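To start, the structure itself, in C-alpha cells.
None of the figures in this text is laboratory data; all of them are computed from the coordinates on show. Note that the structure is predicted; figures quoted are calculated from it, not measured. Cβ placement follows ideal geometry from the backbone for every residue including glycine, while neighbour counts extend to all protein chains displayed.
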Ligand code: SF4
C-alpha cells in the first residue's frame, strides 16, 4: 500500500461519516466569517430556529465594505448606506449568537485571511472554511482550507460539518530556489500561467520543492491564496519548522503542555515519501522571473521582460478570441513590451499581499524615491490593524508617505472595490491582489497583477519595470 | 429548497469561456443582505451600457442590444448554455441566486468552477456537464432555431433535443437525491448528530487544542 498525501491525512482525520453514495461528512475546526457572505446564513439559522453547533469554532471580522480612510465616526460613518447595513448586520448577528468578532474599530480588525493566521486561529492540521474563495490561503499551515458558499456557511454554523466528496491529489513542485527579486507571487502567477485557471479544478493541490520550502509563512500564504486562481479550491504546504515558529505564541495557539503535544502531532503533516498523486506539475525555480498579467484572467500572464501576445499567432480559435477580447478591454496592442504599459494607479494590499513582509518589500523599493508624477494614486492598505501597527513601528508608513504613496486603514479596499477605493474607467492599475477580471477593481478598470516589489517599482517608474534592476540600484 | 425533476424551456446561449462570478453578478450587488432580487442585475456589465447600482430601477437603463439576454428570441429562457470553466472566481452564492432569480434553473456546460458548481445544487439549480462536442452541437442548434427548447430530465439523467436526440449526463447520487426531493441539506446532516458528537469526543482526546479555542478576551 502506498503512503498518504498530506490531503489524504487531513481528510482522514476529519472524516465523521462516509456515506454509501460516495459523499462524506467532514468535520470543520474553524470557520471565519465576514459581512458579505454571512447575513443570509444567519437569517437561515433564525428561520429554521437553529443554534450554532459550536460558537468557539467561529471568528468574525468585517473587511470587504470597511472604509480605509477616516474611521472616526465608526460604522455610522460608512458613507454608502448599503455597505453600512452589511457591516452592522454582521455586528448584530455576532452579538446575537455570541460569536467573537473583531469589529471595525477593534485594533485586530482586518482581512479575514490575514487575521486568522495572525491570531493563531488558523493552526496546522485544521479544516478551515470561510464564505470566501481565498480561504485556500490557510492551507499554508498544512491545513485543509477552502472557500464555501453562503448555504454552506449556514450548514457549518448549524452542524460543524460539510458534505464533501474527496478531491484528487495534485503535486506542484518548484525545483531549486528562485532568484533574488522573485517572490511567492511570481511563483504562483508562473504556475497559473503554466496550468491555466482551470488546471487545478477538482484537485487539492500541495505545493512542494525547494522553491516552496524556502518561502516564509507570508510567502506560503500568498502562494496558497491564489490556488483558487488555478482552479483548486484548496492549496497547501507541508508543516516544517518555519510553520511552527510562526504559530508559536499567537493568541489562539495552544500554550505550555498542549503546545508540546500539538507540535508533536503536527510533525506528521506532510505527504509520505511513497504517496501517490493523481497529477504532478514541475517548474524550475531558476526559470521564474517577475510576472505581470496583461489580460483579464490570471492565466494571461507573462514575465516582465516579455510582450503582450499577438492573437494572430494563436491557432486555437477559443483562445484567440479570448486574447482579442482581453486586448480590447485592456486597451493594449499585440506585441507591445510589458514595460511600455503606463499606469494610472498602484494598489498594494489584499489578502494576497498585505502582510508585514509584503509591506517591507514594497518599502525597500520606494525608500528615498518618489512616485511618478503621471500616477493618479498609489495606495498601501495593510491587511490588518496589527500589520498596520507593526509597519508603523518599523517606520514603513513614513517611507511610503514620503515617497508619495497613501497609507490607509486595513481592509479589502481596491482588491474588489466594494468600498470607495476604485479604478476609473480605462485606468491601468498595478495591483498586488489576485483577480484581474473585467470590472474587478471598478467599472471598466484595467488590472495588472504583480508582486508588492514590482508594484512599488512600477509606482516609481509610472510603467512596469523589472524590479531586479531597482534592487541592484541601476534603475533610472 | 425547490425540487428539480424535469425542466423544459427555451435555451439562452452564453458563448464565451471562463465566465466568472464578477461577470455573473458584479460586486456592488453583493451588499444586499437578502437572497432574492438579484435577477435584474444578472450579467449586469454585459447587459447594460451604464454602471449599475444596487436598489436602482433597471427599467430605464440603456441596454446592450447585442447581449444575448436582451434579444427577443431568448426572452423567457430558463436553460443557460455555456462554455468551459463557467462560474470561476469567487465563492459568492449571489451568482446562483441571480441565475435563479432571473429564471434559470439549469446550466449546461462542458465544465464549471468547483465552488460555483456546488453552490448551484444548494439552490435548486442543476449544472449539467456535457462533452465539448455535445455542447458545440447544442450551440449550433440554438443559434439556428428561434425558440429552441431542450428538456432536462434529472431522474433519467438526460438532456433531450426537440428532434429527440438524447445526451446522458453524470450527477452525484446524493446531490441528485436532494434535488429531486427538494431536501434541506442541514436537516439531513443533523440526522447524523450522534456521529458528529462521537467524532468530537474522540477528536478532543487526540487534539484538545482544537476545542474551546476562540473565546472573547
Ligand atoms: S482582499 Fe480581495 S480577494 Fe481577499 S478577501 Fe478581500 S476582496 Fe476577497
Between residue A:425 and residue A:264, what length in nm is gained on full extension when 0.36 nm per residue of separation is reduced by their alpha carbon distance? 52.6 nm
The rounded separation in angstrom of the Cα centers of segment A:160-198 and segment A:424-454 is 21
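So what is the 222 nm mean residue ellipticity for chain B from helices alone, if each DSSP H run of at least 4 adds -39500 (n - 2.57) and you divide by all residues, rounding to the nearest 500 deg cm²/dmol? Write out the running numbers ahead of the final one.
On the way: 8 runs with 67 residues, N = 217.
So the calculated ellipticity at 222 nm is -8500 deg cm²/dmol.
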Values of log10 I(q)/I(0), in the order q = 0.07, 0.10, 0.12 Å⁻¹, for chain B under a Debye, Cα-only, solvent-free model: -0.27, -0.52, -0.70
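Between residue B:57 and residue B:133, 0.36 nm times their residue separation minus their Cα-Cα distance comes to what?
Working: separation 76, 0.36 × 76 = 27.36 nm, distance 4.02 nm.
Full extension from residue B:57 to residue B:133 adds 23.3 nm.
Classify segment A:47-155 as rounded, prolate or oblate from the Cα gyration tensor: take a ≥ b ≥ c as the square roots of its eigenvalues, call it rounded if a/c is under 1.5, otherwise prolate when a/b beats b/c and oblate if not.
On the way: a/c = 1.92, a/b = 1.34, b/c = 1.43.
Here segment A:47-155 falls in the oblate category.
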So how far, in whole Å, is the C-alpha centre of segment B:140-217 from the one of segment A:311-352? 37
What FRET efficiency comes out for the pair residue B:50/residue A:175, r = Cβ-Cβ distance, R0 = 56 Å, nearest 0.05? 0.65
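When the helices in chain A are scored as -39500 (n - 2.57) per DSSP H run of 4 or longer and the sum is shared across all residues, what 222 nm value do you end up with, to the nearest 500 deg cm²/dmol? Could you put the intermediate results ahead of the total?
Numbers: 16 runs with 152 residues, N = 476.
So the calculated ellipticity at 222 nm is -9000 deg cm²/dmol.
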Label residue B:183 and residue A:305 with points 7 Å out from Cα along Cα→Cβ: what is the distance between them in nm? 5.9
Could you check the simple spin-label distance between residue A:257 and residue A:398, using points 7 Å along Cα→Cβ, in nm with one decimal? 4.8
Percent of Cα-Cα pairs per 5 Å bin, from 0 to the last occupied bin, for segment A:147-279, please list those. 2, 9, 16, 18, 18, 17, 13, 5, 1, 0
As an exercise, use a Förster radius of 35 Å and the Cβ-Cβ distance of residue B:140 and residue A:274 to find the FRET efficiency, rounded to the nearest 0.05. 0.10
By counting other Cβ atoms within 10 Å of each Cβ, how are A:138, B:94 ranked from fewest to most? B:94, A:138
Compute the FRET efficiency between residue A:95 and residue A:364 as 1/(1 + (r/R0)^6), taking r as their Cβ-Cβ distance and R0 = 45 Å, and round to the nearest 0.05. 0.60
If you line up the long axis of helix B:193-206 against the longest principal axis of chain B, both from Cα atoms, how many degrees apart are they, to the nearest 10? 60
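Taking 0.36 nm per residue of separation and subtracting the Cα-Cα distance, what length does fully extending residue A:48 through residue A:287 add? If you can, show how the numbers build up before the last one.
Numbers: separation 239, 0.36 × 239 = 86.04 nm, distance 5.50 nm.
Gain on stretching residue A:48 to residue A:287: 80.5 nm.
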In peptide B:20-28, what is the residue-averaged number of other protein chain Cβ atoms found within 10 Å of each Cβ? 5
Output ordering of A:195-206, B:57-68, A:66-77 (per-residue mean of other Cβ within 10 Å, highest first) is A:195-206, A:66-77, B:57-68
Estimated distance in nm for a label pair at residue A:318 and residue A:106, the labels positioned 7 Å out from Cα along Cα-to-Cβ: 4.5
How many partner chain Cβ atoms sit within 10 Å of a residue's Cβ in peptide A:261-271, on average, as a whole number? 1
Can you compute log10 of I(q)/I(0) for chain A with the Debye formula, treating each Cα as one identical point scatterer, at q = 0.05, 0.09, 0.11, 0.14 Å⁻¹? -0.17, -0.57, -0.88, -1.42
Considering only DSSP beta bridges with both partners in segment B:6-182, what is the antiparallel share in %, to the nearest 5? 50
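So what is the relative contact order of chain B, in percent, for Cα pairs below 8 Å that sit 6 or more residues apart? Don't jump to the answer; show the numbers that get you there.
Working: 370 pairs, mean separation 54.2, N = 217.
Computed over chain B, the figure is 25 percent.
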Students often get this wrong: which residues of segment A:401-437 have the backbone nitrogen under 16 Å from the point 7 angstrom along Cα-to-C-beta of residue A:374? A:427-430
List A:217, A:414 from most exposed to least, where exposure is judged by having the fewest other Cβ atoms within 10 Å. A:217, A:414
